[in-house]
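Working notes, beginning with the structure itself.
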Amino acid sequence: MVVPLRPADSGTPESGADPGAYREAMRHWATGIAVVTTRGARGAYDAGGACDARVVCSTPAARGPHGMTANSLLSVSLHPPTLLISLQRGSRTRDLIRETCAFTVNILAADQRALADHFARRDAVGDEFAGVDHRPSPHGGGPELAGSAAVLACRTTGHVEVADHTLIIAEVTAVRSGGPGEPLLYLDRRYRRLGADPG
C-alpha cells in the first residue's frame, strides 16, 4: 500500500515552518532509542513465507546484516500488534526493509549508549556487527542485540511516502523482553536515563 501525502491533502500551505526552528523545537521531545536491524534480501523471511502481497519487494543478491540507530518509532495498534518507523528515503535501511519485508527492532537499555553511537555512524564499512554481541533472529528479521530492553520481530505490511521519508508499517510477529531494566532515552541531543538530572 503506497499513499503519497501532499501539503494540499491536509489543507496546509506549501510554505511551512522554518526547518531549523522545527528542529530546535523537537529537541524538547523525549524519545526512546532503538537499533533497527535487517538482513540481506535473499531468504530473509523464511520463518513466515513470502512477504505481504500488498508490498512490492525486489529480490537482489544477498547482503550482510545492517543496523541503524532510530528514535522515530511509534506503536500503532495492539490488535494486531503493529508499529511504524520513519526512515529517510534513499537510506540503506529503508531500501533493505523494502526488499526483505522483515526487520528487528532492538529497544536499547540505559547501559547501551555505545551501541547507539556505533549504529548511528553513517561511514561504517565492512562487518557492522563485528565485536557486537548478537544472534540471528529466529523469526527471519535482522540480528537481535544482546542486552536489549526488548526485541520486536517485524513483518512489513505497508508503507507511506511522506515528504522525504517513508513510513514503514509492520506487524509485530514476536516479542522478547529483557526484563525490568531502564530504557535508554534521548532528549535535547543527548542520551538520558530515567530520573537523571537533565543538566
- Message: What does the charge count around HIS28 come to, taking other residues whose C-beta lies under 15 Å from its C-beta (Lys +1, Arg +1, Asp -1, Glu -1)?
- Response: +3
- Go through 168-176, 75-83 and give me the packing order, highest mean Cβ count within 10 Å leading. 168-176, 75-83
- Item | Length released on extending from ARG176 to ASP133, taking residue separation times 0.36 nm less the Cα-Cα span | 13.9 nm
- Item | Positive minus negative residues near GLY90 (Lys, Arg vs Asp, Glu; Cβ under 14 Å) | +1
- Length gained when the stretch ARG27-ALA146 is fully extended (0.36 nm per residue, less Cα-Cα span): 39.9 nm
- Figure the gain on full extension for ASP18 and VAL76 (residue separation times 0.36 nm, minus the Cα-Cα span) and round it to one decimal in nm. 18.0 nm
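Per residue, what volume in Å³ does the convex hull of the Cα atoms of region 106-147 enclose?
Normalising the Cα hull of region 106-147 by residue number yields 85 Å³.
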- Order by protection proxy (mean Cβ within 10 Å, highest first), peptides 105-113, 154-162, 129-137: 105-113, 154-162, 129-137
- How much net charge surrounds PRO81 when only other residues with a Cβ under 12 Å from its Cβ are counted (Lys, Arg +1; Asp, Glu -1)? 0
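Coordinate-derived values only; no laboratory data. In this text the structure is predicted, and so the values were computed from the model without any measurement. Note that we place each Cβ from the backbone using ideal geometry, even for glycine, and neighbour counts take in every protein chain shown.
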